[in-house]
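Structure first, then comments.
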Amino acid sequence: MPPSEITLGAVVDIPAGRGIVRFYGQTSFSPGKWVGIELFEAEGGNENVVTSSLAYIQLEKQNERLKEALIRLRDLSHETEQEQRRRITEMEKDVTGLDELQGQYESTLIKLTNAEVQIEDLKMQLDDALGAEEMLVQLTERNLMLGEKIEEMRITIEDLEALKELNDELEENHVETEKVMQEDLNAKDADIFEQSQKVRALEDACQDFEGTILQFRELVMQLQTELDNLRAETQNAQHESATAASQTAAMMSLNLRLQSSATKNQARNIDLEVKRIEAREARELLNIIQPYLPQVYVESDMDATSCYLFFQRLASKVDLINTFVGHAHNLPDALNGPVSDVLVGICELRGRLSTLSATCKRFAAILRRCDPESFLRIGKLYPDVAPMEKRIDMHVDLLRREEFRELECVSDAAKIQAQFDHLAETHFNDFDFDLGERELGYALSFDHDLEMFAASVGLIKTSVAAIMKDEDVEVDLGGLDAEEEFFSPLQKLLDQCRSAKVLSKKLTKRLEELTQESAALKPLLVPQLQALNNIAPELVNFGISLAQQVMPHLSDVRSSKSAFQLANVLGFVKQIAASTVGRSVKDGAASWEAVMNFFGQIMQEANKLVPLAVEHENVLKITGTAPWILRVDEIKAATAINVEAERKVAQLTDELSGLARTLREKEKKIEETNVKIELMEHKMKELNKRADEIEGYKAELAKLHKQERAYEEAMEQFQADLDTLEQENAKLKAAAASHERQASEPNTQRPEPEAVQVEGNLETSYLLEQIDALRGTVRFLRTENSYLKGQDLLREIESLPPLYDSISREPTPALVPSGSSDTSDSETDEPLKPPSLRTLAAESKILYRDVIKFSSSPKVVDLSLTRKNREGNDKLAGGKTWLPRKKTPAYQVWERKMEGEKLGRRVQGLMDRTAAAANRAS
C-alpha cells in the first residue's frame, strides 16, 4: 500500500494477520515513518512500544471515539432497516385495499354520469319556466315605462307652462325694478346737487383755512395772489360743469391745496424742531453756568462750555437735516421700488451726515467726562470751529424754504468732516469716554453703507429694465435669459441687503439704548465692529463702480441708437466683481456668486455680533464727573458771590420761560391746523366715495338694461317653444285619450306589440326630441339637491328589513294593470291574495322610479293666468275677472303637496306588505 493511501482507522491485511491502522508517523526507537497496526489477534512484536509518546496517546483517544461512532452507526443502520421493513409491510396492505377502491370508483362514476344527465334535463325545464316568467315581467315593465314616459311628457309640459308664467312675472318685476331704479336715480341726482352745495361750502371754509395758514409765511402777497387765481379757476370750473367729472376736478384741486398746506406744515415743524434745539441748549447752558460766578466763568470756562454746546448743537442740526431729507424721499422704503440717480445721491448725503453727527457726539461725550485741564484746553478751539455752524444753519434754512441743495450739502459735510478728523487726531485721540459714540458711529456707518449699496444696485436694475422695455431701443440678449442671468441675481442681492439691514437696525438700536444709558460695549467687541465697518465699503465700491460703468453705457446706447447687449453688462459685472469683492475668490467662481459669498460673510459677522451686543455681560458702564462740576468749588473759593450773575441768571430764566410759552402757543396752533386738515381730508374722502357710488349705480343700470334685452329675447324664444309644445301636447293628449278608451273596453285584449308601435311612432319620437331640447333650456331652474333627495329615498328603501328566501315557489300571479295606482286597498271588498316576492320587487322598482321622478323634477307654479288676470283687472279699472280654481297658484301648490303625500302612503304600504311577507316566510 502506498504511503498516500494510509489513513488512521483503516482495516488492512498484513502477513501477520488482519488489523486496524492506529499510528502513522515517526517513532523514538527508530528513524523513518512507521505504521502502527492493531491486530485482531495479539501476535505482533511491538506491543506497547510507543505507549509513552504523546502521539500514541492521541491515537488511542481517537481510536476510542471511532469505536463509539462505529457502534452508533451500526445501531442506527439496524433501526433504519427495521423501519423500512415495517413501511414495506404497510404499503403491501394498502395495495390490496386499492383494488377494492378502484371497483367502487368505477361504479360511482357511472352513477355520476346518470345524475349529470338528469341535472341537464332539470336545467332545461327550469330555463323554460324562468323564460316565461321573465317575459311576463318584461312585458309588465315595458307597459309601466310607456306610462312613465307619458307622465314625464305631461310634467314637462306643465313645467314649461310654469316657466312661461315665471317669465311673465320676471317681466313685471323688471318693470317695477326699473321704476324703483329711476326713483333712486332721481334721489341720487338730488343728493349730487346737495353735495355740490356742500362742496361749495367746504371750499369757502378751505379759503378761510388758507388765510389762517398764510399768516405764518413771509411771502403773503404772492401766495394770496395764487390763492385768488385758484379761487377764480375753481369758480369758473363750478359754473361751467355740473357733472361728476367737474366735482372730481374740484376735489383734486382741494387735494392739491391740502398737500400745499402739509408742505407748509412741514416747514413749521422744522422751525419748531430748531426752536426746541435752541431751548434745550439754553436750558442745558443755564444748568451749567449756575454754579459759576459770571466774571470767572467768562474768563476761564466760557469758551470750553460753548465748545461743548457747539458740538451737541451741531450734531442735533445734522440729525435734523438727515431725518427730514430721509422723510422727503421716503427712505428706506423707496429703495424697494424703482430707484433714480437722485436717490443714490441722497443716500450718499445721509451717510456723510451720519458720520459727521457721530463725530460731533464723540467730541461732546469726551468734553462731558474729561478732566478740567483738557476741558479748558479743548475749549480754546471754539473760536476756530464756531464759523462751521453757519454752513449747517444755511442748509437748515434752505430745507425750511424747500430750496435744499443736496450737492452743496454733501460738499460742506465732507469739508467739515475733514477738519473734525484732524481735531480728533490732535486733541481727542487719548480718551475712552467716547467708546459708546464710537461704536454707534461704526454701526451707523455700516447701516448707511448697506443703504448705499441697495440704492446703487436698485438704480442699475431700474435702468436696465427701462431700456429693455423701451420700444425705440433694440435689445440683443445673445441667447441669454435676462431674468435668470441678470435680474434674478440682482434681486437676490437686494434680498440679502434687506436681511443685513435688519441686523444693522437691531445693532444700531441696541447701541443707541446703551449710549442713552451712558454705557457701551466692552472694548473687546470693538475690533469686530471695526472689521464689519471695514468690509462693508467693499460692497459700496462694487455697487458704485458698476453703476459708473453701466449708466454711461446705457446713455451711449440710447444716443447712438445701437442695440443693447446684455453680455456687455454682464462683462462689467464680472470685471468689477473680480477687482473688488472677488479678489480673494478662487478662479472659476461666478461673479454673482462671489458677491453673494461676500455678502454671506458680512451677514455671518453681523449674526455673531448682534447676540453678543444683547448680552449684559458685554456691557460696560461709562462713568465720569463733568469738568464744570469739578471746577465749581475752585471757582467759588476764588471769588465771592456776584449779584450781577444772579440777575443775569434770573433774566435768562425769564427769557427761557417766554420761549417755552411761545413754543406751547405754536404747538397749539399747529395742532388746530392739523385737526382742520384731517377734517377736510375726511370730507373729501366722503365726496370721493359718493362719486364712486354714483358711477357704480350707472354701471348697474347699464347691466340691468342689457339684462332686460336678454330677457326679452329669451321670452320671445320661450313663447315660440311654448306654442310648438302646446300643439304637440294637444296631439299627445288625443293619443293618450284614445289609448285609455281602448284599454277600458270589456273583453278586449291589448297585445304588447301595440305599445311598441306607439313608442316607435314618428310623431312621438319627434315630441321626445323636442322635450329633451326644452329640458336643456329650463335646466337652470332645476335645484341641485334633486339627486340627493333620490339618494336619501334609496337609502330609506335599502334600510327595509331583509327578505327571506322562500322554500316553496308560488305561481306567478296575473298582471294587474292598476298595480301602480296610488288608491287605497280598502276600497274593494274582495280579499286580496298575499303578494309574492317578485311582485314586491316589481312594485319597489316602480315606486322608486316615481319617487326619483318626483324629487328630480320640482313643480313650478304656473303664474301666466294670474298675470293675465291682473292685466284684465287693470283694464276693467277695478273689476275682477273669473279664474278657474285649478289654475290658481294655491291649488297648484296643494296639488304638488298631495302628490308627495300619496307617494308617502305608497312607500308606507309597500313597507307594510314587505314586513308581512317576511313574517309569513319566517
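The values are calculated or read from the model by the stated rules, or taken from the named source; none is laboratory data. It should be emphasised that the depicted structure is a prediction, and the values quoted were computed from it without experimental measurement. Counting neighbours? That spans all protein chains shown, and the Cβs are built from the backbone with ideal geometry, glycine included. Protein only, heavy atoms only, side chains kept; ligands, DNA and RNA dropped before computing areas. Shrake-Rupley method; radii C 1.70, N 1.55, O 1.52, S 1.80 Å.
Using only C-alpha atoms and all pairs of different ones, pull out the Kirkwood radius for the stretch 675-733 in Å with one decimal. Could the numbers behind the result be given before it?
On the way: mean 1/r = 0.0635 Å⁻¹.
By the Kirkwood definition, the hydrodynamic radius is 15.8 Å.
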| note | Sorted by chain and then number, the residues having a modelled amide H within less than 5 Å of the amide H of Y24, at least 5 places away or on another chain, are G36
| note | For the stretch 303-368, the charge dipole (Cβ of Lys, Arg +1; Cβ of Asp, Glu -1; about the Cα centre) points to a positive end, and the Cα of T305, C347, H329 closest to that extreme belongs to T305
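Of L398, L130, which has the most accessible area and how do the rest follow, probe 1.4 Å?
L130, L398
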| said: Give me the net charge for the shell around N322: Cβ to Cβ below 11 angstrom, other residues only, Lys and Arg +1, Asp and Glu -1. | reply: +2
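Tell me the Kirkwood radius of the stretch 304-356: reciprocal of the mean inverse pair distance over distinct alpha-carbon atoms, in Å.
Values: mean 1/r = 0.0819 Å⁻¹.
Mean inverse Cα-Cα distance, inverted, gives 12.2 Å.
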| Just how much of M452 is accessible, in Å², when a 1.4 Å probe is used and the result is rounded to the nearest 10? | 20
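When only the heavy atoms of the protein chains count and the probe is 1.4 Å, how do E203, E100 rank by accessible area, highest first? Let's see the in-between values first.
On the way: E203 20, E100 130 Å².
Result of the area sort, largest leading: E100, E203.
Just the C-alpha atoms of the stretch 455-556: what Rg/Rh do they give, with Rh taken as the Kirkwood radius?
Details: Rg = 19.3 Å, Rh = 16.7 Å.
The Rg/Rh ratio comes out at 1.16.
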| note | Expected sort for 519-530, 358-369 on mean C-beta neighbours within 10 Å, highest first, is 358-369, 519-530
| the stretch 477-555 and the stretch 664-692: distance between their alpha carbon centers, rounded to Å | 41
| query | How big is the accessible area of F433 in square angstrom, nearest 10, if you roll a 1.4 angstrom probe over the protein chains? | reply | 60
| message | Could you give me D for the stretch 115-198, from Stokes-Einstein at 4 °C and 1.567 mPa s, where the hydrodynamic radius is the Kirkwood radius over C-alpha pairs? Units µm² s⁻¹, please. | response | 65
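Using only the Cα atoms of the stretch 288-420, construct the convex hull and provide its projected area averaged over every direction, in square nanometres to one decimal.
Values: hull surface 37.3 nm².
Mean projected area for the stretch 288-420: 9.3 nm², to one decimal.
In the calculated pair distance distribution of the stretch 87-160, what percentage of Cα-Cα distances lie above 17 Å?
Values: 1972 of 2701 pairs.
Here the tail beyond 17 Å accounts for 73 percent of pairs.
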| Directionally averaged shadow of the stretch 490-643, computed from the convex hull of its alpha-carbon atoms, nm² | 17.0
| So, in nm, how far is label A916 from label E513 when the simple model puts each one 7 Å beyond its Cα toward the Cβ? | 9.0
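Can you flag which of K390/K621; K469/K698; K179/K685; K361/K505; K149/K886; K361/K506 are past 28 Å Cα-Cα? Walk me through the numbers before you get to the answer.
Details: K390/K621 36 Å; K469/K698 37 Å; K179/K685 31 Å; K361/K505 19 Å; K149/K886 24 Å; K361/K506 20 Å.
Distance filter (> 28 Å) returns K390/K621; K469/K698; K179/K685.
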| Zone residues, the stretch 358-378, relative to L620, backbone N less than 12 Å from point 7 Å out along Cα-to-Cβ | none
| remark: Protection proxy (average C-beta count within 10 Å per residue), highest first, orders 675-682, 315-322 as 315-322, 675-682
| said: For a quick check of understanding: with a 1.4 angstrom probe and all protein chains in place, what accessible area in square angstrom does D397 have, to the nearest ten? | reply: 50
